[in-house]
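Comments concern the structure below.
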């Protein structure tokens, strides 16, 4: 597994307490700054979902955002190294 996928970047507890709309706005802010980091955050949220059983609708909200982020990343030009 990639190291970036196992690294924790944020405190997830406060994010899990947000409403669906607030979480979507938070993910939009992270996506605007760095779409790849937003994907990592989505992965962390889904991985931590089992520790927050009362957080309903997370898969739906995060799934939509992952789809949107994927579209953003598809349209970015590749960086020559």
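What follows is calculated from the coordinates using simple rules that are stated; it is not laboratory data. This is a predicted model, so every value here is computed, not measured. Neighbour counts run over all protein chains shown; Cβ positions are idealised from the backbone, glycine included.
The single residue among 73, 39 that is surrounded by fewer than 14 Cβ atoms within 10 Å (Cβ to Cβ), assigned to a helix (DSSP H, G or I), touching a helix residue (DSSP H, G or I) at 6+ places or on another chain (Cβ under 9 Å) and touching a residue at least 12 places away in the same chain (Cβ under 8 Å) turns out to be 73. Within region 50-65, the residues that satisfy the criterion of being surrounded by fewer than 16 Cβ atoms within 10 Å (Cβ to Cβ) and either assigned to a helix (DSSP H, G or I) or in contact with a strand residue (DSSP E or B) (Cβ under 7 Å, 6 or more places away or on another chain) (or both) are 50, 51, 59, 60, 63, 64.
Can you tell me how many residues in region 24-34 are in a helix (DSSP H, G or I) and surrounded by fewer than 17 Cβ atoms within 10 Å (Cβ to Cβ)? Qualifying residue count, region 24-34: 6.
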